[in-house]
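**Student:** I am attaching a structure below and will ask some questions about it afterwards.
The values are calculated or read from the model by the stated rules, or taken from the named source; none is laboratory data. If you're wondering where the values come from, they're calculated on a predicted model, not measured in any experiment. Backbone-built Cβ (ideal geometry, glycine too); neighbour counts: all protein chains shown. When the accessible area is computed, the model is the full protein with side chains, heavy atoms only, and any ligands, DNA or RNA have been set aside. Shrake-Rupley method; radii C 1.70, N 1.55, O 1.52, S 1.80 Å.
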Amino acid sequence: MATVTLGKKACAVNPLKMSQPIGGALAFMGLRGAMPLLHGSQGCTSFGLVLFVRHFKEAIPMQTTAMSEVATVLGGYENVEQAVLNIHKRTKPEIIGICSTGVTETKGDDVEGYIKLIRQNHPEVANLPMVYVSTPDFKDAFQDGWEKTVARMVEVLVETPRSAARRDPARVNVLPGCHLTPGDIEEVRTILEDFGLEPSFLPDLGGSLDGHIPDEFTPTTIGGIGVEEVATMGQAAWTIAIGAQMQRAAEAMEKKAGTPFKVFERLCGLGPNDAFISFLSEISGRPVPLKYRRQRGQLVDAMLDAHFHVGGRKLAIGAEPDLLFDLSSMLHELGAHVTAAVTTTQSPVLARVETDDVLIGDLEDLETLAKARGCDLLVTHSHGRQAAERLHIPFYRAGMPMFDRLGAGHQLSVGYRGTRDTIFHISNLIIADHEENHEPTPDTWRITDDAAGHAAATH
Amino acid sequence: MSSLSATIQDVFNEPGCGKNANKSEAERKKGCTKQLQPGGAAGGCAFDGAKIALQPLTDVAHLIHGPIACEGNSWDNRGAKSSGSNIWRTGFTTDINETDVVFGGEKRLFKAIREIIEKYDPPAVFVYQTCVPAMIGDDINAVCKAAKEKFGKPVIPVNSPGFVGPKNLGNKLAGEALLEHVIGTEEPEYTTPYDLNIIGEYNLAGELWQVKPLLDELGIRIFSSISGDGRYKEVAYSHRAKAAMMVCSKAMINVARKMEERYGIPFFEGSFYGIEDSSDSLREIARLLIERGAPEELMTRTEAVIAREEAKAWAAIASYKPRFKGKKVLLITGGVKSWSVVAALQEAGLELVGTSVKKSTKEDKERIKELMGQDAHMIDDMTPREMYKMLKDAKADIMLSGGRSQFIALKASMPWLDINQERHHAYMGYVGMVKLVEEIDKALYNPIWEQVRKAAPWEVAGTNWQAVAMAQMDAEAAALAADPVAAEAARRAKKICNCKSVDLGTIEDAVAAHRLIDVEGVRTHTNASGGCGACSERIDDILASVAMTAVPALQAAE
């Protein structure tokens, strides 16, 4: 339906996009005892670190190989070696996840080779799990970094089961996309457990970045899925991938362990959740628990209440592909028109967004389109705040980063309940905007020469 | 690139910087590469430092030439405030792609400058170099020059790619860009005897406006602010100011000193954090302006304002003093504010437990020592566990630090206050000091602490992580106390030089065996300080303490 166009500007203004390596680093943060390591100059890590700290309001483990100008030109073996040894010595991680950056990719460092050499030369790290992903900054976006990293984790860490017959029917792998918050992951976990299933999440941000008080101070991740559990994921009966970005990791799992998979591109909205719940009922062999039957009813009721407010709204949305597809589809299903859509990177779902065109661009593009097309609802991450102020329209924050409001890690949009709450939240913003800015006055419908066209356009 | 390395060398030779001046020729060549260890804690890069220093210039378009990481991951994340244009908060980046990396990004950069000028028409465009284009050889100086000629507008290259060094170096390289391309390029409409430059103040949370009303009242004009709430034009004609105040410790010392050298503008280093510091700074401003021709009566008026404001602030703070009696503060902060906040807190009657000096320069530390007398606890490398123990032992009631370390305090259920750049409150001048005290009071006496410290109903006493951590540390300490040999081994095992992994014992032995008296000697024999050089101060301390214990031994021998 939608055509996807690539922006033609030389200068990106107000970026929507974030870089690939930090998407990879975030994926590593869903592993227990992990230390993500960016192979680049110290700023590469520092900017990402500050971003995550501001978003999650948590201490974030993230390290750097601290490449200097000279090291960059000569090659970074020594820096990677020192970094790995230092991290091993100081923080005793269970796994080190290494992502490359623009600097080291420009030189073309062979990090896989480095790791082999480090293992050879230093017996103390010979068996330390290390996963390397190539994620140059000058290609792709945050979501791609996450996608590649999870796929790589599957390839490196999952063991091929000895016998396919010994598959555990209760065990289910869940591969969540980066658009799911820790709160979303907890919700999916609860739903699966309510069907008697035993889910393993890779990565499991719900366990690590949900804001819990840790049992002890560790400089690595607190909580998340353990390397030993990842190794056994091949024994699960099913893999559920959430978001089209996770197709790749699901395929890697199938290839490695023969595990069948199903991709749920969306988990926000009535239809997608019906499909999800039916699937769980089918693979678990259990009827849908009463709790979800009631939640479904609540969602239907919420949709009925909200359609008065959301119906007819012209949505301007800026988000990474999977989040864009999910939220814009849900709002479309409530009667909103997806009028301006901007995203960060290519994805097969973009063509199915309910709009004429999706632009791979920035927030300046989104603001310009929203203004030209008279949008009256803005959905994007916190960086949309300046545009929202200028456009003077209701602004729903979704995606990462969300640094100017609390609770980013717990914003819920999946499941019947998450969809219901999201609908209420957005509807309330619209209602508040109406009360504050669009209350009728005796002059609202008065016909004057220059306002004639304007009044018709807004009401 | 040769001109960049020349500039870096020049910055390292900065005579105004005590730290660099004290170094040997060889050390200086290496520069302030207090660069972090691979796998050690992360700090900002030189590009980050340059952007922090210049971004508060509000009407300038700041264009980052590099891949998306450099701007996309970090834009609009500073708490500086503007009284006018908001273009500084707009994120501009060339977001270079693979093709640019292969064929060069200069054309894209030129086009980007054109797009910005056509769409936003700022008085100037600042172009920031980053690592990837620096590696592939994009010549931003040439592109900026061509763009300037083509569009008839200042296009300023800021050559500070991340990999040349840490944040601190970036601050100075930013200053160099201003000195080379901006300062002295325009003329003011008029000047007065009351024209003051403020250098190194970023107007975080609008704190400059806590002081500006006082300057306004005295008739002192902030002629040019570098860079908080600053304008391009003001910086361009800043060379006509009568005097300058340098606010942010060492971040832009090169700008202040070179402006004194080139344009004869005298400067002093001062602070508006704390009541006495504010008064001293106002006096110093008046004194310098009078020296440069302002009428003598300015000092009388200044003293009157100081007296009035001090009385007001003291009265406001006095009500808190009984509440703060016996309360201790753990202060952890970088170089910018360590020394200025120490004085401020003491004025409020709070006792200081320690202050981390991780990012402070030697002079900062000296200032802290001076301010806090002999009781200064210098906490260089405190682990989270130790920090928790310190808080828990009620040695501290509240922790003040930058945003990144807040979680240690909060997870330990201890009051905490943000005093670095991400904070939401302004703490400058007399009103700012009162605000800081008010915030500390709010944090200390919030009813949540009692609640969050309570164990969950299902928790067995003594088994939560806090108790376990405390017991573990106590056990370790007890084991060492009972075993002098182990204690001595533990003392000697303390790592002094992280780069070359040299411990205290090795250095002490070398000093004793070879009768070493300086850092160079220690380096020759142990290789300590052969890396980044950051540990040379610790080695100085070791040499001093070895000399101290050696004196009685010699006397006894005589």
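**Student:** Keeping every protein chain present and rolling a 1.4 Å probe, give me the accessible area per residue for segment A:109-182 in Å².
**Tutor:** Per residue, segment A:109-182 has 41 Å² of solvent-accessible surface.
**Student:** While we're on this one: Calculate log10 I(q)/I(0) of segment B:36-181 for q = 0.22 Å⁻¹, where I(q) comes from the Debye formula with a single equal point scatterer on each Cα and nothing for solvent.
**Tutor:** -1.54
**Student:** Considering every residue in A:103-113, what mean count of other chain Cβ atoms within 10 Å of its Cβ is obtained?
**Tutor:** Rounded to a whole number, the mean comes out at 3.
**Student:** Measure up B:119/B:233; B:258/B:328; A:9/A:314; A:17/B:81 against 32 Å on the Cα-Cα distance and list the ones that go over.
**Tutor:** Distance filter (> 32 Å) returns B:258/B:328.
**Student:** Got a number for the accessible area of residue B:214? Probe 1.4 Å, square angstrom, nearest 10.
**Tutor:** 20 Å²
**Student:** Defining a contact as two alpha carbons under 8 Å apart and six or more residues distant in sequence, what relative contact order in percent does segment A:1-117 show?
**Tutor:** So the answer I get is 31 percent.
**Student:** Share of segment B:100-230's accessible area from carbon and sulfur, percent, 1.4 Å?
**Tutor:** The nonpolar share, carbon plus sulfur, comes to 50 percent.
**Student:** Looking at chain A from every direction and averaging, what is the projected area of its Cα convex hull in nm²?
**Tutor:** Mean orientational projected area (chain A, Cα hull): 23.9 nm².
**Student:** Out of every Cα pair in segment B:195-317, what percent are spaced more than 23 Å from each other?
**Tutor:** Counting pairs separated by more than 23 Å, the tail of P(r) holds 26 percent.
**Student:** Which order do B:107, B:328 take by accessible area at a 1.4 Å probe, largest first?
**Tutor:** Heavy-atom accessible area, descending, gives B:107, B:328.
**Student:** Next question, about the same structure. Do any residues of segment B:75-96 lose at least 40 Å² of accessible area when the full set of protein chains is present rather than just their chain alone, and if so which, with a 1.4 Å probe?
**Tutor:** B:75, B:76, B:77, B:89, B:93
**Student:** Please report the buried accessible area for the interface of B with A, total over both chains, probe 1.4 Å, in Å² to the nearest 100.
**Tutor:** 5400 Å²
**Student:** Just to be sure I understand the curve: with the Debye formula and one point per C-alpha of segment A:326-459, what is log10 I(q)/I(0) at q = 0.10, 0.11, 0.14, 0.15 Å⁻¹?
**Tutor:** -0.38, -0.46, -0.74, -0.84
**Student:** Probe radius 1.4 Å, ligands and nucleic acids left out: which of A:77, A:132, B:128 has the largest accessible area, and how do the rest follow?
**Tutor:** These residues rank, largest area first, as A:77, A:132, B:128.
**Student:** To continue, here is another question. Taking amide H positions as placed 1.01 Å from N in the peptide plane, with prolines and chain starts having none, which residues 5 or more places from residue A:318, or on another chain, fall under 5 Å of its amide H?
**Tutor:** Residues meeting the criterion, in which the H sits 1.01 Å from N, are A:342, A:379, A:380.
**Student:** Let me ask you something else. Any idea what diffusion coefficient segment A:228-318 gets from Stokes-Einstein, in µm²/s, Kirkwood Rh on alpha carbon pairs, 20 °C, 1.002 mPa s?
**Tutor:** 136 µm²/s
**Student:** How much length is gained on full extension from residue A:410 to residue A:160, taking 0.36 nm per residue of separation minus their Cα-Cα distance?
**Tutor:** The span from residue A:410 to residue A:160 would gain 86.5 nm if fully extended.
**Student:** Compare the Cα positions of B:456, B:431, B:484 along the charge dipole of the protein assembly as shown (+1 at Cβ of Lys, Arg; -1 at Cβ of Asp, Glu; about the Cα centre) and return the one farthest towards the positive end.
**Tutor:** Going by the charge dipole, the pick is B:484.
**Student:** What ranking of A:146, B:449 comes out by heavy-atom accessible area, probe 1.4 Å, highest first?
**Tutor:** B:449, A:146
**Student:** Principal axis extents for the protein assembly as shown, Cα atoms only, whole Å, descending order, please.
**Tutor:** Cα spread of the protein assembly as shown along its principal axes, largest to smallest: 92, 86, 63 Å.
**Student:** Taking the alpha-carbon centroid of each part, what is the distance from segment B:276-310 to segment A:260-305 in angstrom?
**Tutor:** The two parts, judged by their Cα centres, are 72 Å apart.
**Student:** Here is a follow-up. If you take the charge dipole of chain A about its Cα centre, with +1 on Lys and Arg Cβ and -1 on Asp and Glu Cβ, which of A:295, A:237, A:151 is farthest toward its positive end?
**Tutor:** With unit charges placed on the Cβ atoms, the residue in question is A:237.
**Student:** While we're looking at this one, here's another question. How much of the accessible area of chain A, probe 1.4 Å, is carbon plus sulfur, in whole percent?
**Tutor:** 53 percent
**Student:** Averaged over its residues, how many other protein chain Cβ atoms are within 10 Å of peptide A:44-55's Cβ atoms?
**Tutor:** Whole-number average of other-chain Cβ neighbours for A:44-55 is 6.
**Student:** A further question follows. Relative to the isolated chain, which residues of segment A:191-229 have their accessible area cut by 20 Å² or more in the presence of all protein chains (1.4 Å probe, heavy atoms, no ligands or nucleic acids)?
**Tutor:** A:213, A:214, A:215, A:216, A:217
**Student:** Now for a different question. How much area per residue is accessible in segment B:195-317 when the probe is 1.4 Å and only protein heavy atoms are counted (Å²)?
**Tutor:** That works out to 32 Å² per residue.
**Student:** Hey, what's segment B:36-181 come to in accessible area per residue, 1.4 Å probe, Å²?
**Tutor:** 29 Å²
**Student:** For segment A:88-225, compute Rh as the Kirkwood radius over C-alpha pairs and then the Stokes-Einstein diffusion coefficient at 20 °C and 1.002 mPa s; write the answer in µm²/s, rounded to an integer.
**Tutor:** 123 µm²/s
**Student:** Need one value for B:130-138: mean number of C-beta atoms belonging to other chains within 10 Å of its residues' C-beta atoms.
**Tutor:** 5
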